[in-house]
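Colleague: Have a look at this one before I ask anything.
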Amino acid sequence: MNLFQAGILQPNMVETINLRQGERTAVSFTSLATAGYSWHFEIGNVGVISVEKSVNSQEMRKMPLGASVEEIFTIKAIRMGTSKLFFRQSRSWETDVEPIQSKTYYIQVID
């Protein structure tokens with residue numbers, strides 16, 4: 001049985017997001033920080049979009065010890081164009097290991 005069959009790894013999912021210049025949208029992913037996993041991102045075309053990561057600290061305070069919280073990524077459309085945005089959930093110290101989950105967005109910024 002491989003990691004996909006065991007339900008540990010999830011196949012990469014692809015989604016398209018259309019934004020107008022200056023517009024923002026947010027995507028969120030469940031964290032597994034208590035197991036050392038967090039979400040990381042790579043922007044394909046840095047001049048087209050920017051991304052900021054945050055965690056709802058009030059939500060964290062209400063949750064029991066060891067519970068997972070949502071990691072929130074705010075995407076801002078900077079200028080017209082397209083960019084790929086790749087997210088991966090991994091441990092920062094495991095550089096030669098596949099992420100346990102990943103998600104790709106194609107962002108199109110229009111006028």
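Colleague: Residue by residue through the range 33-43, note down the ones that are in contact with a strand residue (DSSP E or B) (Cβ under 9 Å, 6 or more places away or on another chain), farther than 10 Å from Glu71 by Cβ and aliphatic (A, V, I, L, M).
Modeller: Ile43
Colleague: Further question on the same structure: Name every residue in the range 19-45 that is hydrophobic (A, V, I, L, M, F, W, C) and not in a strand (DSSP E or B), in order of residue number.
Modeller: Ala33, Ala35
Colleague: I've got another one for you. Filter the range 31-42 for residues that are of a type in the set (Ser, Thr, Tyr) and buried (at least 17 other Cβ atoms within 10 Å of the Cβ); which is modelled with the lowest pLDDT?
Modeller: The residue in question is Ser31.
Colleague: Are any residues in the range 65-109 exposed (fewer than 14 other Cβ atoms within 10 Å of the Cβ) and at pLDDT 95 or above, and if so, which ones?
Modeller: Within the range 65-109, the subset exposed (fewer than 14 other Cβ atoms within 10 Å of the Cβ) is 65-67, 79-80, 92-98.
Those that are exposed (fewer than 14 other Cβ atoms within 10 Å of the Cβ) and at pLDDT 95 or above: Arg79, Met80.
Colleague: Return the only residue of Asn56, Asn45 being under 18 Å from the mean Cα position of the chain (by Cα), surrounded by fewer than 16 Cβ atoms within 10 Å (Cβ to Cβ) and modelled with pLDDT of 90 or more.
Modeller: Every option except Asn45 fails the conditions.
Colleague: While we're on this one: Can you tell me how many residues within the range 70-110 are in contact (Cβ under 8 Å) with a residue 12 or more places away in the chain, of a type in the set (A, V, I, L, M) and more than 25 Å from Ile49 (Cα to Cα)?
Modeller: Qualifying residue count, the range 70-110: 1.
Colleague: Hey, can you tell me all the residues within the range 25-51 that are in contact with a Leu (Cβ under 9 Å, 6 or more places away or on another chain), of a type in the set (S, T, N, Q) and closer than 13 Å to Thr74 by Cβ?
Modeller: Thr25
Colleague: Scan the range 85-111 for residues that are part of a strand (DSSP E or B) and more than 15 Å from the chain's Cα centre (by Cα) and jot them down.
Modeller: Gln108, Val109, Ile110
The values are calculated or read from the model by the stated rules, or taken from the named source; none is laboratory data. All values derive from a computational prediction rather than experimental measurement. As a convention, Cβ positions derive from the backbone with ideal geometry for all residues, glycine included, and neighbour counts pool all protein chains shown.
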